[in-house]
Amino acid sequence: MMSPSTSIVTTIALLILFLLPKSYSSEVTKSNSSLPEVDVDLLEFPLNLEYLEAEFFLYGALGYGLDKFAPNLTLGGPTPIGGKRANLRPFTRDVIKQFALQEVGHLRAIQSTVKGFPRPLLNLSAESFAKVVDSAFETQLVPSFDPYSNGLNFLLASYLIPYVGLTGYVGASAKLQDPKSKRLVAGLLGVESGQDAVIRALLYKHKNIKVKPYGKTVAEFTSRFSQLRDKLGNAGVKDEGLVVPKDEGAEGLITGNVLAGDKYSVAYDRTPEEILRIVYGSGDERNPGGFYPKGADGRIAKSYLSKAY
């Protein structure tokens, strides 16, 4: 028979367990049902960009993508179009391989937090990147730009991708409600920003080198790419090349621009709508194309596809 003192201790223990915050309970669900709907939408949307980055870097470094490396993460989505192994020197291949593995980790992190969706159809072909470059220069380059032909071209093509994702994370951070969501996005933003910084630094070292056979410098390529993204995003200046007018540099004192930022050197933000306009290459979140021939996935992206002309 339980003694009075034992009974009191047991009762107190049960009360403590009952009053403990749910975060301490082993029964707390880890599914997206525990997150506000706005958080789920804002965490799922970046999967579109993370799929793109993971596949582009995997193919560039290894010659194959998620279908071989981590097929479970595709959730049954279609194989990308046109991805292939790039002609890279050992150092550049090592860096891109690191990026690829980091992006695989990002997919795992997001999919372990929200349900997610299957990998959308991605167009990673040289032709797809060539169209972006031609749009940036407002003329058809001859020969067509091929991101896989050499390391410099691949880094220039890489300039097009992580920066868009990081501005999206900056934009999402202010709208998230749950601390778990905020922590995840902060962590993803940190690494995406690091990737963009590495890419920009490697290109900055060669900013005055002319990209063969076009006679245009690396700095001019980046400026053109940034101007195109601003134009497509249609939300003002949120992008900058590696070299800017002095009054637009940090503290208005320098033309070098190895990191992009506003007048306070604070990272720019973008909304999902702006990002869709850019990655579709159409300037319209309702009109898919570019890297996403059939459009992006997730509730946010699909809400605009349903309103397409």
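The values are calculated or read from the model by the stated rules, or taken from the named source; none is laboratory data. For clarity, every value in this text was computed on a predicted model and none was experimentally measured. A quick note on method: Cβ atoms are made from the backbone with ideal geometry, for glycine too, and the neighbour counts reach across all protein chains shown. With ligands, DNA and RNA removed, areas are computed over all heavy atoms of the protein, side chains included. Shrake-Rupley method; radii C 1.70, N 1.55, O 1.52, S 1.80 Å.
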#### Entry: Output for the stretch 159-195, where each listed residue is open to solvent by less than 30 Å² (accessible area, probe 1.4 Å) and among the hydroxyl-bearing types (Ser, Thr, Tyr)
Tyr159, Tyr163, Thr167, Tyr169, Ser181
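For the stretch 251-292, how many residues are assigned to a helix (DSSP H, G or I) and within 17 Å of Thr222 (Cα to Cα)?
First, pick out the residues of the stretch 251-292 that are assigned to a helix (DSSP H, G or I): 251-252, 272-280.
From the residues that got through so far, the ones that are within 17 Å of Thr222 (Cα to Cα) too are 278-279.
Counting residues in the stretch 251-292 that are assigned to a helix (DSSP H, G or I) and within 17 Å of Thr222 (Cα to Cα) gives 2.
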### Message
Anything in the stretch 234-251 that is over 19 Å from the mean Cα position of the chain (by Cα) and within 20 Å of Lys207 (Cα to Cα)? List them, or say none.
### Response
Leu242, Val243, Val244, Pro245, Lys246, Asp247, Glu248, Gly249, Ala250
### Task
Identify, by number, the condition in (1) surrounded by 17 or more Cβ atoms within 10 Å (Cβ to Cβ); (2) touching a Pro at 6+ places or on another chain (Cβ under 6 Å) that Ala130 doesn't meet.
(2)
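Name every residue in the stretch 208-229 that is touching a residue at least 40 places away in the same chain (Cβ under 8 Å) and not in a helix (DSSP H, G or I), in order of residue number.
Narrowing the stretch 208-229 to residues touching a residue at least 40 places away in the same chain (Cβ under 8 Å): 209, 211, 213-214, 216, 218, 221-222, 224-225, 227-229.
Matches in the stretch 208-229: Ile209, Val211, Pro213, Tyr214, Lys216.
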### Test set (1) among the hydrophobic types (A, V, I, L, M, F, W, C); (2) open to solvent by 10 Å² or more (accessible area, probe 1.4 Å); (3) in contact with an Asp or Glu (Cβ under 8 Å, 6 or more places away or on another chain) - Leu305 fails condition number
(3)
### Query
Exactly one of (1) free of Cβ contacts under 8 Å to residues at least 24 places away in the same chain; (2) open to solvent by 70 Å² or more (accessible area, probe 1.4 Å) is unmet by Asn87. Its number?
(1)
### Task
Give the residues of the stretch 174-217 that are of a type in the set (Asp, Glu) and under 23 Å from Lys97 (Cα atoms), sorted by residue number.
Glu192, Asp196
### Query
When you look at Pro120, is it at pLDDT 95 or above, crowded, with 22+ Cβ neighbours inside 10 Å and over 23 Å from Leu202 (Cα atoms), yes or no?
yes
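Any idea which of Glu103, Glu27, Glu44 is modelled with pLDDT under 95, of a type in the set (D, E, K, R) and within 22 Å of Ser181 (Cβ to Cβ)? Can you show your working first?
On the way: Glu103 fails: modelled with pLDDT under 95; Glu44 fails: modelled with pLDDT under 95.
Answer to the check: Glu27.
Quick grid of which residues meet (1) under 19 Å from Phe45 (Cβ atoms); (2) open to solvent by 10 Å² or more (accessible area, probe 1.4 Å); (3) touching a Gly at 6+ places or on another chain (Cβ under 8 Å):
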{"residue": "Lys68", "(1), (2), (3)": "no, yes, no"}
{"residue": "Ile81", "(1), (2), (3)": "no, yes, no"}
{"residue": "Thr92", "(1), (2), (3)": "no, yes, yes"}
{"residue": "Leu101", "(1), (2), (3)": "no, yes, no"}
{"residue": "Leu107", "(1), (2), (3)": "yes, no, no"}
### Query
Is there a residue in the stretch 145-158 that is within 26 Å of Val258 (Cα to Cα), over 17 Å from the mean Cα position of the chain (by Cα), buried (at least 22 other Cβ atoms within 10 Å of the Cβ) and of a type in the set (A, V, I, L, M, F, W, C)?
yes
### Message
Could you check the stretch 268-280 and list, in sequence order, the residues that are of a type outside the set (A, V, I, L, M, F, W, C) and either in contact with a Lys or Arg (Cβ under 6 Å, 6 or more places away or on another chain) or buried (at least 20 other Cβ atoms within 10 Å of the Cβ) (or both)?
### Response
Tyr268, Arg270, Pro272, Glu274, Arg277, Tyr280
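Would you pick out the residues in the stretch 230-249 that are of a type in the set (A, V, I, L, M, F, W, C) and open to solvent by less than 50 Å² (accessible area, probe 1.4 Å)? Before you say what the answer is, go through the steps one by one.
So the first thing to find is which residues in the stretch 230-249 are of a type in the set (A, V, I, L, M, F, W, C), and the list is 232, 235, 237, 242-244.
Scanning the stretch 230-249 gives Leu232, Ala235, Leu242, Val244.
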